[in-house]
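Let me begin by presenting the structure, written as C-alpha cells, before commenting on it.
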Amino acid sequence: MQAQVDVNNFSGTVLVSKNGSILLKKAYGLADYEWNVKNTIDTKFQLASVTKQFTAAAILILVEKGKLSLNDKLNKFLPDYPKADSVSVHMLLSHSSGLALGFKELAISTISADSAYYEIKKIPYEFPPGTKTAYSNIGYYLLGKIIEKASGEKYANFLNKNIFEKVGMKNTGISNNDSIILKKAKVYHLTEKGLVHNPYINWTFNIGHDGVYSTVEDLALWDKSLYGTTILSAESKKAMFTSYSNENWGYGFMINPFYNHGHQLIAHDGGFFGTMTSFNRYTDDKIFVTVLSNNESFSHIIGYGLSAIALQKVVELPYKHYQTKIDTTIYDKYVGKYGKNKIIKLNGKLYFNSSEMELLPETKTKFFRADNNDRTIEFIEDKKGVYSSIILTKGGVKETVMKDNQ
C-alpha cells in the first residue's frame, strides 16, 4: 500500500481482514487537498456503485415483509414507465431488464428529481426485457423508487432504519446536497490537467445505484452481518448470492467473477468521477477486502492485489513505468488471440482488446496499458522463436495465457 501511495498517489482508506481479524486497516492521502487534511480510518467516502448491494438488500427486506415480490412488474409501482409491464423486479436486480447503462450527464445537472425521471423515461431500452444481461444504473435507480413506493418511506429513511442502524453502521448514510456530514472526504476527479474538484452531483435523484457514503470499518460490519441472518434471511441471501447470467450478476453483487483463481468471491466495485471503490468478500476463506478512494485511484486493481496477498499469492509491487522506443516491426509477431484477450496492431501501434486501449512499450517485450500502469503485458518467446504466450499482470498478480492455435 505504501508503494501505491508513492508510485500511484493513492488517497483513501483500506481494510483487510481474515476470520474477523484485521490484517491491515489504514488511511492514506488527503481528505481535503486545499487544507491538507489527512484521511483517517473514520473518513467517510462516497461508495458509488457499491451502493447497489444496499438497494438490493432493501428490496429483499421488503419481499420478506410481504410488501412486494421479485416477480412483481415495474408497472405495479411506476405504471407510466415505458414497457413497465414487461420488466420484473428480478430483472432490475439481475441487470437483465434491458434498461440502458445510465444518465451521467443528468446526474451532474441541477435538474429537479421529477424532471430527471421524465428525462430518464425517454432513454431507450438496449434489448427486450429478460432476453440478455447488461449492467444498468437505471435499473437500480428505479429500484430506489420502488423501495419508496412499496415502503411509503424515503429511500434514505428505509435504509437507515432497516440496515445501517441494525448493523451498527453509525458512519453510513445517504448523500444529499444540503446536509453537513462530519469527516466526509472531498472528491477529486482526474483530468488531463491533473486532479480537479469533482463536479456538482445532484443527490436529489442520484440514488439507488449510487448515493451511499460509508467507512471501511462500517463496511466490515456489513460484511460480518451478511454471514448471519440479522438483516436478511438465509433464503434472501441465497437469492442475492446466486449468479443469474454468464456475466455473474447476482442481486447487487458480482458472484464468483472469472478472475478469482478458484476462491469463491462475492464483490462489487464502484466508480463515479473521483470516487473509486472496491468491496470483496472471499466467503470460503472468510477474507474481506475493501478499498475506498477520493482521488480516482484504481481501488478495484488495488483490491485485487490485496486479495492476492491475503490469499498468500506472489504479488509484484507497483513501480514507475517509462515508455521507450522500440522497432515496431516486431508487433506483427505479437498480434493474435490469447484466451479471452486480443492483441491488435493498428497504424504501427499495439492495442489490447480494442483500438481504445493502447499498449506502450516499456521494453521490447513488456508493455503497460496507457490508462493504467498497474496492468502490464509481457510477450514470451518459446524455444522455436515464436511469441506463444503472454504474462498479464494486474495489480501485481501475474497470469500466463497461451496464444490460441499454438
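The values are calculated or read from the model by the stated rules, or taken from the named source; none is laboratory data. Please read all numbers here as calculations on a predicted model, not as lab measurements. Using ideal geometry, Cβ is built from the backbone for each residue, glycine included, and neighbour counts are taken over all protein chains shown. Ligands, DNA and RNA are excluded from the accessible area calculation, which covers all protein heavy atoms including side chains. Shrake-Rupley method; radii C 1.70, N 1.55, O 1.52, S 1.80 Å.
Compute from the Cα atoms of region 44-91 the Rg and the Dmax, the latter being the longest Cα-Cα distance, and quote both in angstrom.
Just the Cα atoms of region 44-91 yield Rg and Dmax of 12.9, 39 Å.
Exactly which trypsin sites (Lys or Arg not before Pro) in region 190-273 are in a DSSP loop and have at most 14 other Cβ atoms within 10 Å? If you can, show how the numbers build up before the last one.
Details: sites: LYS193, LYS224, LYS237, LYS238; in loops: LYS193.
Answer in residue order: LYS193.
Determine the alpha carbon to alpha carbon distance for each of LYS38/LYS145; LYS65/LYS154; LYS73/LYS237; LYS25/LYS313 and list only those over 25 Å.
Numbers: LYS38/LYS145 36 Å; LYS65/LYS154 17 Å; LYS73/LYS237 22 Å; LYS25/LYS313 20 Å.
Those over the limit are LYS38/LYS145.
Once you have the alpha carbon radius of gyration of region 68-148, what is it after dividing by 2.2 N^0.38 Å, with N set to its residue count?
On the way: Rg = 11.9 Å, N = 81, 2.2 N^0.38 = 11.7 Å.
Computed over Cα atoms of region 68-148, the ratio equals 1.02.
Divide, for region 157-203, the radius of gyration over alpha carbons by 2.2 N^0.38 Å, where N is the residue count. If you can, show how the numbers build up before the last one.
Details: Rg = 14.5 Å, N = 47, 2.2 N^0.38 = 9.5 Å.
Cα-based Rg divided by the globular estimate yields 1.53.
Can you check what the net charge comes to around LEU74, using other residues whose Cβ is under 9 Å from the Cβ of LEU74 (Lys, Arg +1; Asp, Glu -1)? Before the final figure, lay out the partial values.
Details: positive: LYS73, LYS76, LYS83; negative: ASP72, ASP85.
Within the 9 Å Cβ shell, the charges total +1.
Hey, what's the per residue convex hull volume over the C-alpha atoms of the chain, in cubic angstrom? Walk me through the intermediate numbers first.
Working: hull volume 63.2 nm³, N = 406.
Per residue, the Cα convex hull of the chain comes to 156 Å³.
For the chain, which whole percent of the accessible surface, found with a 1.4 angstrom probe, sits on carbon and sulfur atoms? Write out the running numbers ahead of the final one.
Numbers: 9480 of 18640 Å².
So the carbon and sulfur contribution to the accessible surface is 51 percent.
For the chain, what is the calculated [θ] at 222 nm in deg cm²/dmol (nearest 500), taking -39500 (n - 2.57) for each run of four or more DSSP H residues and dividing by its residue count? Mind showing how you got there, number by number?
Numbers: 11 runs with 90 residues, N = 406.
Helices in the chain give a 222 nm mean residue ellipticity of -6000 deg cm²/dmol.
Percentage of Cα-Cα pair distances in region 254-406 greater than 28 Å, rounded to whole percent? Walk me through the numbers on the way to the answer.
Details: 3008 of 11628 pairs.
Distances greater than 28 Å cover 26 percent of the Cα pairs.
Taking every pair of distinct Cα atoms and averaging 1/r, then inverting, what Kirkwood hydrodynamic radius in Å comes out for region 112-167? List each step's numbers first, then the result.
On the way: mean 1/r = 0.0752 Å⁻¹.
About 13.3 Å, per the Kirkwood formula over Cα pairs.
Just the number please: accessible area per residue for the chain, 1.4 Å probe, all protein chains included, in Å².
Working: 18640 Å² over 406 residues.
It amounts to 46 Å² per residue over the chain.
Jot down the per residue volume, in cubic angstrom and as a whole number, of the convex hull over the alpha-carbon atoms of region 13-124. Walk me through the numbers on the way to the answer.
Values: hull volume 19.6 nm³, N = 112.
Once divided by residue count, the hull of region 13-124 is 175 Å³.
Taking each full run of DSSP H in the chain as one helix, which ones are at least 15 Å long along their axis (Cα atoms) and have mean Kyte-Doolittle hydropathy of at least -1.0?
Working: long enough: 52-64 (18 Å, 1.34); 137-151 (21 Å, 0.26); 299-310 (16 Å, 1.17).
TM-like helix candidates: 52-64, 137-151, 299-310.
Tell me which lysines have Cα within less than 17 Å of LYS403's Cα, excluding those fewer than 8 residues away on the same chain?
The reachable lysines, counting only those whose Cα sits under 17 Å from LYS403, are LYS333, LYS337, LYS340, LYS342, LYS345, LYS366, LYS383, LYS384.
Please report, in whole Å³, the volume per residue of the convex hull around the C-alpha atoms of region 249-318.
Working: hull volume 6.2 nm³, N = 70.
In region 249-318, the Cα convex hull volume per residue is 88 Å³.
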